[in-house]
1. Just checking, which of A:G142, A:G153 is modelled with pLDDT under 75 and surrounded by fewer than 17 Cβ atoms within 10 Å (Cβ to Cβ)?
2. Only one of these conditions is not met by B:D189: (1) surrounded by 19 or more Cβ atoms within 10 Å (Cβ to Cβ); (2) at pLDDT 85 or above; (3) not hydrophobic (A, V, I, L, M, F, W, C). Which number is it?
3. Out of region B:112-124, which residues are touching a residue at least 60 places away in the same chain (Cβ under 8 Å) and either among the acidic types (D, E) or not in a helix (DSSP H, G or I) (or both)?
4. If A:G348 meets every condition in (1) of a type outside the set (D, E, K, R); (2) in contact (Cβ under 8 Å) with a residue 24 or more places away in the chain; (3) at positive phi apart from one, which number is that one?
5. Quick one: would you say A:I342 is within 10 Å of chain B (Cβ to nearest Cβ), part of a helix (DSSP H, G or I) and surrounded by fewer than 21 Cβ atoms within 10 Å (Cβ to Cβ)?
6. Among residues belonging to region A:74-99 that are touching a residue at least 24 places away in the same chain (Cβ under 8 Å) and in a helix (DSSP H, G or I), point out the one that is farthest from A:G54 (Cα to Cα).
7. Please verify whether region A:32-42 includes one or more residues that are surrounded by fewer than 19 Cβ atoms within 10 Å (Cβ to Cβ) and modelled with pLDDT of 85 or more.
8. Of (1) over 24 Å from A:Y65 (Cβ atoms); (2) more than 10 Å from every other protein chain (Cβ to nearest Cβ), B:K178 satisfies all except one. Which?
Amino acid sequence: MSAAVDVTPVQQGSSLPRLVMVTLICLVLLFGAFVLYMAAQPLFGVILLALAVGVGIVFGANRFYGARFIFPGVAAVLIFIAFPVLYTIYLGFTNYSSFNLLNYDRTVAVLTSRGTADPATEQPFNVARDGDGYRIWLPQAGLLSSPVELGEGAEAASLAPAEAPADLLEPRDAIALRTGLQSLTLTTPDGAALVNSGLRTFASVTPEFVVEGDGLLRRSADGALLTANNATGFFEDEAGNRVPPGWRVNIGLANFERVFTSEGVRAPMLRVFVWTIIFATASVLLTFSVGLALAVILQWEHLRFRSIYRILLILPYAVPGFISILVFRGLFNQTFGEINLILNALFGLSPSWFTDGSLARVMLLIVNTWLGYPYMMLLAMGFLQSVPEDHKKAAALEGASSTRVFFTITLPQIIPPFLPLLIAAFAFNFNNLVLILLLTRGLPDIPGTVIPAGQTDILASFTYRMAFNDSAQQFGLAGAITLLIFVVVAAISYLNFVAMRRAAGRRGGKPT
Amino acid sequence: MIVERPADLRRKKILAHGFLIIFLALIMFPFLMVVSISFREGNFTTGTLWPSNPTLEHWYLAFGLDYTRDDGTVVVPPYPVLLWMWNSIKIGLIAGIGVLALSTISAYAFSRIRIRGKAALLDSLFLIQMFPTTLALVAIYAIFDALGGVTPVMGLDSHTALIVIYLSGVTLHIWTIKGYFDSIDTALDKAAAIDGATPWQTFRFIFLPLAVPIMSVVFVLAFIGFINDYAVASVLIRSESNMTLAVGSRLYLNEFKYLWGDFAAAAILSGLPITVVFLIAQRYLVSGLSEGAVKG
């Protein structure tokens, strides 16, 4: 590249302020990394550490002067795009879901914090005011607690025999303190622990599970010993029965096996995949042909009011997409929508746009064409201008009709530069999550599937629903399917790359 | 084309105008409908396309004001539209500025500074930009869920988290600005280098002032892109008061609480500013769009 500037680190003034700055930033990043590491998030800690090292080297040393300009952008791409993509793939190999949401330590904490109240020890209580704090009075046992605050955090207090206190709160006011009461543990003089077991009672609570050793829990109810199974991410008894919740573990290729071998997953996914391809292809073809046709008409020099037409025609592109899509959702509504109102008045028809699969697909394509044609029209208008006028004139003189001129002269000349943009449009529609989520949510559902899959679902919305809409929140499975989408997108992306190179080569070769 | 009989030309003109007018009528139908619905009584179809008893009720509610009907009942706004709008604008502005800064400086580096492996970097950047953030939603959710355990600022339901992840939009815009920088005469930076300017000074005092037009294009495009985002925001944002317009608007057309009229007014109120900005800037925006897409 002849355009490049030779980068020689020119020292101007002192570099001290810069070095101080870099040191400060590095220290902040290192502190962040330390905090993340201490909070049991070593992966994120390592990322911050790497960032700190990168900043230190690139901005600290003079010989990396040129890299300073490129560092922020590259770091952003690595952290905000590459890392989430890789992390998604990693999640595809785990059992991350609403059943296996936490890590091991948190799972043990959740299990051991569960308890059942012993009805034999259940007894009513009163709250007595004590200066700024309170005391708990258990009338049956005649025990009074040491002063407590009943604030946000966990609290413990010991009980001692005493006379009934005078200043008891009304039950209603005691209920208002229930957050504090629920995190309070009282210890009786003989060492038993009592906790709040109901609105008006305290009782001794036996924990459902007790830690027996590393990876072992004892279930209090039947004395069964539960073993942590790191292959499934659950505590299991001897018969292999799982005790939810579990924790997140690596399960290898299990998600992918499910995708490829489980009929209940594979069959709907295949249908979704086919529809995704049809949807993206049809959207590109429809928007392209409508946009091109309009561009050709607008390009005609004998036509008046061209600029007014142009402004009005690009309106759908100017309005924020989410608003237009929601407007269509309302207009197409079967019972309250204006489109059916008109169709009913004119033809006595009332199509069920949202419950009939084929009609829902037609509706999606109509809306997407409406949304997308102005972009194609604008691009086509630009490319049409670059078609030499004398080619068209020569053809017309030879007696070719204007249709013939369009298809033999104009179209072949604008397709090559258009191709990368069409591929990009295909990729965009392949992942057109906003349209599907706001218009149909993928509904109507395909009947008889194990996982929810709709007739208008595209792969992206299918995984979205699997991860965020369904009650089971199968993040791991969604990650596995996303990996498959990545493969397709990578292929499209590479195709686009090649087409772009060709287009650039063509333009580069053309004398101007 | 050049030799055409006047009668033919006339027929063609009528055909073209006729086609365009019918087409426009179809295209404009949703807009006209929404305006009419926003003045219509109630939240359901009343059987007429033209409001028979125009009312400002939906507009009062959209602006967050209580509305008192003729019979004395007071209607309160169902959702905080103006708050959502403010959230959207705030997030869009901050993320837009961040993206602009990152992409301008990267574009300058890619266009002008000699770095080893630049061609490979550019190629991988091109390939990576095709991966939209929406594909990594599961990971984004998991990451911010975990970070939220460390500090709520970076957790779910936080605007900071949303802004941070929006910075991933930087790749597309690097191309747009780089295309523009590539078209600037290299004699300029050579002259600056001879005068003893460092690359940073060349960037700061020569390229930055020249890039103001393309930077405004990129900023507006990025801003509109962030306002329009539904997928990422819907995954990260939970509480109604933190929602952006795109996430919140969806609540209006819920099967169990269908507020068609209220939605129409809110949609116009929130959509109009962006539409106007876009139409004013459209000529520049369009050139920015195709430049960025074609220049490799």
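1. Every option except A:G153 fails the conditions.
2. Here B:D189 clears every test but (2).
3. Matches in region B:112-124: B:I113 only.
4. Here A:G348 meets the rest and fails (2).
5. yes
6. A:L91
7. Yes, the conditions are met somewhere in region A:32-42.
8. (1)
The values are calculated or read from the model by the stated rules, or taken from the named source; none is laboratory data. For clarity, every value in this text was computed on a predicted model and none was experimentally measured. We place every Cβ from the backbone using ideal geometry, glycine too, and count neighbours over all the protein chains shown.
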